[in-house]
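The values are calculated or read from the model by the stated rules, or taken from the named source; none is laboratory data. Only a predicted model underlies this, so the values are computations on that prediction, with no experimental measurement involved. Because the Cβ atoms are built from the backbone with ideal geometry, glycine has one as well, and the counts that use them run over all protein chains shown. We work out accessible area using only protein heavy atoms, side chains counted, and drop any ligands, DNA or RNA first. Shrake-Rupley method; radii C 1.70, N 1.55, O 1.52, S 1.80 Å.
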Amino acid sequence: FSFLDLPTFYFCLWKMSVSYSWMGSLRRCTRVQRLTRDRNSMSIRLNNISSSLLRKFSSVSIETHPIVDCKPLLDGKLLPETLDRMKEALKERGYFYASNCSVMDKDYIDKVYAYHDAVHSLPITTKREFAAPKGSYTGLDLGSEYAEDDYEPGTLSSVRAWDYSRHRHREHESPKYPEKDILDVGFAEFVDDLYARQNILGSALMKAFAVMLGLPEGTFEKSFNDGDMGTIRLLYYPGHNPENEMQPDMGISAHTDFEVFTLMHQNAPGLQFLMPGNSSEWIDAPVADEFVVIVGDVIERYTNGELKATPHRVLQLPHQRRSIIRFNALHPEALIQPLPQFISPENPPRYTPVKMKTHMRTTIENLRQGKGAWDPDTQTSKTATYVYDKP
């Protein structure tokens, strides 16, 4: 192993020392007990490698990663060179950085992170009042039963989340959010403004994805604008604390996102991608002013696998980290199946038809049942290729 491989090497050692003792369908509480017994050895590992990790991440530069100028898209211009750049980036890397997004400039993003800090700094009693499922907060600080779903079975993630959606909760009561009596600006009011701004970029990208793939411009956009099942997540990763009773082994475990594409922003290192056709080398995503755009399950299924959903994860690191996530989905009734343009006698349909709402509901139910969303043996997504009996 070279010096730059050390973080991955130590991470693999830690995974081998812990994960394989969790074989079978163990309950989360059992997993937490085992993690707790190992917290001292994990603390030593993390302390020993923390400096090398931070040196490695600080050397990651955005210049070596694909960047797409989104100003033409926001101006309504689907320029061939822009679409070609998008397609090349997504086919070869699975992601790109979206630059020149005036609707979410640096000053605005700084305000979002300030609000992000405020809502995650609320007292534990307040967080418990707004905990899922009646509220929108989840996190290990409330106990193991509120931990993030283990996308990779047998892992425990440190991430804490405040979630918001306009339309995802159509079929049941929307969760309650903190109001102005708790925060200077109510949670729904503040985050819905972010949602609206992201919709501007999201709508432009929906058009661009369609034309990029040789489809009519409105193929995805109309369903998106009719009320997508999208979600914003304000995610906080507290960093390793050896004093905690429960010791996570991941920031968030490996998975692909269930929707069309995702907008991701981070204020500290830790995010990693697995590129298409490479099942072993995780790529560190640099911290930048731009949002990262990655492919979700829906595009993989529509294109019959021509574009692959982007596997990603966040490592458990010594430092704190915050991120702003927007899942861009489709209307609940949208039917997702390989489109005719991607089917031939040599390339028959490889994905079963499914509605957006069914894919979301089934994926979440499988997670709740401990089935996971990621196969660590094959390093592949379970959700992108899931076989449905009916839409």
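What to note about this one:
- In region 142-153, the residue that is most open to solvent (accessible area, probe 1.4 Å) out of those that are touching a residue at least 24 places away in the same chain (Cβ under 8 Å) and over 19 Å from the mean Cα position of the chain (by Cα) is 145.
- Among residues that are within 30 Å of residue 301 (Cα to Cα), in a strand (DSSP E or B), in contact with a Leu (Cβ under 6 Å, 6 or more places away or on another chain) and modelled with pLDDT of 95 or more, residue 161 is included.
- Candidate set: region 317-349, residues that are among the polar types (S, T, N, Q) and part of a loop (DSSP other than H, G, I, E, B); chosen: the one surrounded by the most Cβ atoms within 10 Å (Cβ to Cβ): 337
- Single match in 128, 166 (criterion: modelled with pLDDT of 95 or more and either of a type in the set (D, E, K, R) or open to solvent by 30 Å² or more (accessible area, probe 1.4 Å) (or both)): 128
- Selection count, region 248-263, where residues are in contact with a Lys or Arg (Cβ under 8 Å, 6 or more places away or on another chain) and part of a strand (DSSP E or B): 7
- Taken over region 170-198, the residue count meeting the criterion of being within 15 Å of residue 137 (Cα to Cα), surrounded by fewer than 18 Cβ atoms within 10 Å (Cβ to Cβ) and at pLDDT below 95 is 2.
- In region 199-220, residue most open to solvent (accessible area, probe 1.4 Å) [restricted to those that are outside any loop (DSSP other than H, G, I, E, B) and more than 19 Å from residue 90 (Cα to Cα)]: 200
- A search for C-beta distances below 8 Å between a residue of region 286-298 that is under 13 Å from residue 101 (Cα atoms) and any residue that is at pLDDT 95 or above and part of a loop (DSSP other than H, G, I, E, B), counting only pairs 6+ apart in sequence or on different chains, returns 290/101; 291/101; 292/285.
- Test: residue in region 282-298 that is assigned to a helix (DSSP H, G or I) and either over 23 Å from residue 109 (Cα atoms) or among the aromatic types (Phe, Trp, Tyr) (or both): yes
- Residue in region 335-348 that is under 20 Å from the mean Cα position of the chain (by Cα) and not β-branched (Val, Ile, Thr) present: no
- The one condition in (1) within 30 Å of residue 121 (Cβ to Cβ); (2) free of Cβ contacts under 8 Å to residues at least 40 places away in the same chain that residue 345 fails to fulfil: (1)
- Residue match in region 102-118 (condition: open to solvent by 30 Å² or more (accessible area, probe 1.4 Å) and within 26 Å of residue 381 (Cα to Cα)): no
- Count of residues meeting criterion [over 17 Å from residue 232 (Cα atoms), within 12 Å of the chain's Cα centre (by Cα) and not acidic (Asp, Glu)] in region 279-311: 3
- Qualifying residue in region 288-297 (condition: under 30 Å from residue 118 (Cα atoms), in contact with a helix residue (DSSP H, G or I) (Cβ under 8 Å, 6 or more places away or on another chain) and open to solvent by 40 Å² or more (accessible area, probe 1.4 Å)): yes
Listed here are the residues, each with its yes/no results for (1) at pLDDT 95 or above; (2) of a type in the set (S, T, N, Q).
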{"site": "233", "(1), (2)": "yes, no"}
{"site": "242", "(1), (2)": "no, no"}
{"site": "245", "(1), (2)": "no, no"}
{"site": "256", "(1), (2)": "yes, yes"}
{"site": "259", "(1), (2)": "yes, no"}
{"site": "267", "(1), (2)": "yes, yes"}
{"site": "270", "(1), (2)": "yes, no"}
{"site": "293", "(1), (2)": "yes, no"}
{"site": "296", "(1), (2)": "yes, no"}
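- Pick from region 359-387, criterion over 21 Å from residue 310 (Cα atoms) and not acidic (Asp, Glu), ranking: most open to solvent (accessible area, probe 1.4 Å): 368
- The lone exception for residue 388 - which of (1) modelled with pLDDT of 95 or more; (2) out of contact with any helix residue (DSSP H, G or I) (no Cβ under 9 Å at 6 or more places or on another chain) it fails: (2)
- The lone criterion from (1) open to solvent by 10 Å² or more (accessible area, probe 1.4 Å); (2) within 20 Å of the chain's Cα centre (by Cα); (3) modelled with pLDDT of 95 or more; (4) within 23 Å of residue 243 (Cα to Cα) left unmet by residue 91 is number (4).
- Note on region 60-82: residues that are in contact with a strand residue (DSSP E or B) (Cβ under 9 Å, 6 or more places away or on another chain) and touching a residue at least 40 places away in the same chain (Cβ under 8 Å) amount to 8.
- Boolean, residue 269 is out of contact with any strand residue (DSSP E or B) (no Cβ under 8 Å at 6 or more places or on another chain) and either open to solvent by 30 Å² or more (accessible area, probe 1.4 Å) or under 17 Å from residue 322 (Cβ atoms) (or both): no
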